[in-house]
Structure formats: structure tokens, C-alpha cells
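Below: the structure, in C-alpha cells.
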Amino acid sequence: MNLIESYGMIPVLNIKREEDALPLAKALRKGGLPLMEVMFRTEAAAACIQKIAAEMPDFCIGAGTVLTVEQAEKAKECGAKFIVSPDFSEEVIRYCQKENLPVVPGCITPSEVHRAVSMGLTVLKFFPAIQMGGLKTMQLFSGPYPQVKFVPTGDLTRKEMNEYLSCSKVAAAGGDFMLSYDDIENRRFDRIEQSVRETILEHLDFHIAHVGINCASSGEAKALGEALSSVLFQNVTEYEKSYFSGSLFELMKAPFYNKGGHVAIGTRDAERAYSFLKTSGIRFHEETLARDENGRVKAVYLEPDFGGFALHLLQHEK
């Protein structure tokens, strides 16, 4: 569940042909999503899960539309690492808990949420999300049940995905909004990889938040801040380690990462940007990792040097 939340998106897919399973999973992983929920709605579903689990053990493959204990047993036998149900079935939940298999049951009423919480579950499927009131309903549920997070699914668009992921009570958004079924049908897996990456980048919304300049002393930083502010008509604000000229420039009181300074790369979702970049092979100065009161990433420095400047990931809305 932590892995799923760290990526924030679950490809929830019907796969009709067993031969599409591996190239599809590889395309998703290359695009930045090393996970997938295969719905038990086709004859090929079990075989697809089994093939991916056997050939790609590091890929997080799950089974969806699991309605019965028999289906849950089959999914586990095939190597599914998590189970998702559209409804609330105590029998399926108890089986999964007995087998130590993560399960996400569907809950759309306060009674179902209460029953799930009483069984020790805190990540619940919300389906069909749009028809059942979407984000407003999930936020209302979080009042009496603050420990619960939701996985909304059901005909979500990229726009709705971005809206839902802005809420701390949404663990992940599920659906097929990150790819085209036509590309699966015609085996255009390179286009699926590209579409997945574009969807992730659209959500992360990377942009320049500010530029940091290393100075030799506090006095030099203050003077440079005042000089910049005199040109750009910004106020100078002092902080523990730096001065800010408006919100555009940070003047460091002492040299920090890297030789020249840093460029703060703002993102609407620093927690998931951190996971995405690590999955892509980017290394971080982990000692700079800062988290907010909810334990989510708010800032961290990347290791690579870019022309004497460091990149500094920052939770930041445009």
C-alpha cells in the first residue's frame, strides 16, 4: 500500500491477450509506473498476472474485480501482490488477511467504511468515484474516519486524477487515463510508455520556483538581495540560512549545494516526484530530505551537478 501511494496512480486494465501482458508491464515500468491492477474480467486475466509475476518479480502486479474467495485464491496462486474488489466482501477480506495479502475493498457508504475500519483496513476503493460524489464525498468521509485513505476509480480523466491527488486523503487514483486501449490493441507499447510518462509529468508539473545563489557571508547575501530587489521591486526577507528577494531569488548566507548555488524545481506533488525520480535512477542528497507534519516530502536536493548548480526539489504550486 505504501508503494502504491508513493506513485499515486494505478493502471487498472483489462488485458484480452496473454501475449500483451509482459510488453505492457515493461512499457508501464519504463514510463514510470512499475505497477498494475489486472481486472478479472477476461479469460486471460489469471494467465497475464502469472506471466508478469514470474518474469518481472520486481513489478507490483495486482488483481482487480475480485468478487469471490475463489478468485482471490486464484489471484494469489498466480502471484498477485494485492487484491482489489469493487464491493465490500467480508469473506474476501478475511481470506486476504489470513494469507497476508493486501486487499482494497470497495466502500461507498459510511457503514461500509466503518466495517472496513473495524477490520483493520485504512486504504479503501471508492467506486464509481464520479457518480458517487468524487472528492467532496471522500473528504466528508475523512471527517469521522481520519485514518482512511481512498483509491478512487471509474472513468477518471487526467483532470480528475490531478484533482483527486491534490487531496491528502487520496492514496492513489486508479484507471486507464494514462494510456489508450487502442495502443494496447495495436501493440504500440512505445506510445504507451510515452503516454504514461506524459501523464506523470503533467501531474508533477515541474517548474522553476526560485534560483539560489551562494554567497560568502550573511552581509554579502543581504547586499545582493537588496541589489536584486532594487531592480525587481521585491521585498527582502531574512531567514535562518538565507535572504529571499521576493520569491524569485534565495541568497545563501554561506556556500551550500553546489558551487554556484541551486535552482529550486517546484512541483505540485514533491512526495510522488521524489518516488518517480528515484525509480528513474536519480540519486538524492538524502541528508537534505525534509518532510512536512504529515510525513510527506516537501524538499530535497538532487545529487547531480548542473553547470555548478544543484537542483532542489520543492513542494510548490505555481
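Things worth noting here:
- Tally of residues being closer than 30 Å to L232 by Cα and open to solvent by 40 Å² or more (accessible area, probe 1.4 Å) across region 247-295: 9
- Verdict on M178 being open to solvent by less than 30 Å² (accessible area, probe 1.4 Å), outside the structural domain of L277 (by the TED database) and in contact with a Phe, Trp or Tyr (Cβ under 6 Å, 6 or more places away or on another chain): no
To keep it simple, each residue is scored yes or no on (1) in contact with a Cys (Cβ under 8 Å, 6 or more places away or on another chain); (2) in a helix (DSSP H, G or I); (3) within 25 Å of F126 (Cβ to Cβ).
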residue: E5; (1), (2), (3): no, yes, yes
residue: P11; (1), (2), (3): no, no, yes
residue: K16; (1), (2), (3): no, no, no
residue: L22; (1), (2), (3): no, yes, no
residue: K26; (1), (2), (3): no, yes, no
residue: R29; (1), (2), (3): no, yes, no
residue: M36; (1), (2), (3): yes, no, yes
residue: E43; (1), (2), (3): no, no, no
residue: A46; (1), (2), (3): yes, yes, no
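- Looking across region 119-158, the residues that are open to solvent by less than 20 Å² (accessible area, probe 1.4 Å), of a type in the set (V, I, T) and under 14 Å from M1 (Cα atoms) come down to V148, V151.
- Hits in region 96-110 (condition: open to solvent by 30 Å² or more (accessible area, probe 1.4 Å) and of a type outside the set (D, E, K, R)): Q97, N100, P102, I108, T109, P110
- Filter result (part of a loop (DSSP other than H, G, I, E, B), more than 26 Å from the chain's Cα centre (by Cα) and of a type in the set (G, A, S)) within region 84-142: S89
- Residue, farthest from F306 (Cα to Cα), within region 213-225, restricted to residues that are touching a strand residue (DSSP E or B) at 6+ places or on another chain (Cβ under 6 Å) and either among the hydrophobic types (A, V, I, L, M, F, W, C) or open to solvent by 40 Å² or more (accessible area, probe 1.4 Å) (or both): K222
- V236 within 24 Å of E271 (Cβ to Cβ), modelled with pLDDT of 95 or more and either assigned by the TED database to the domain that holds P304 or open to solvent by 60 Å² or more (accessible area, probe 1.4 Å) (or both): no
- For H210: the one exception among (1) touching a helix residue (DSSP H, G or I) at 6+ places or on another chain (Cβ under 9 Å); (2) open to solvent by 10 Å² or more (accessible area, probe 1.4 Å); (3) in contact (Cβ under 8 Å) with a residue 40 or more places away in the chain: (1)
- Enumeration of residues in region 14-29 that are open to solvent by 10 Å² or more (accessible area, probe 1.4 Å) and farther than 10 Å from F189 by Cα: N14, K16, R17, E18, E19, L22, R29
The values are calculated or read from the model by the stated rules, or taken from the named source; none is laboratory data. Computed from a predicted structure; not experimentally measured. Please note: Cβ atoms are built from the backbone with ideal geometry, for glycine as well, and neighbour counts cover all protein chains shown. To get the accessible areas, we keep the full protein, side chains included, count just its heavy atoms, and leave off ligands, DNA and RNA. Shrake-Rupley method; radii C 1.70, N 1.55, O 1.52, S 1.80 Å.
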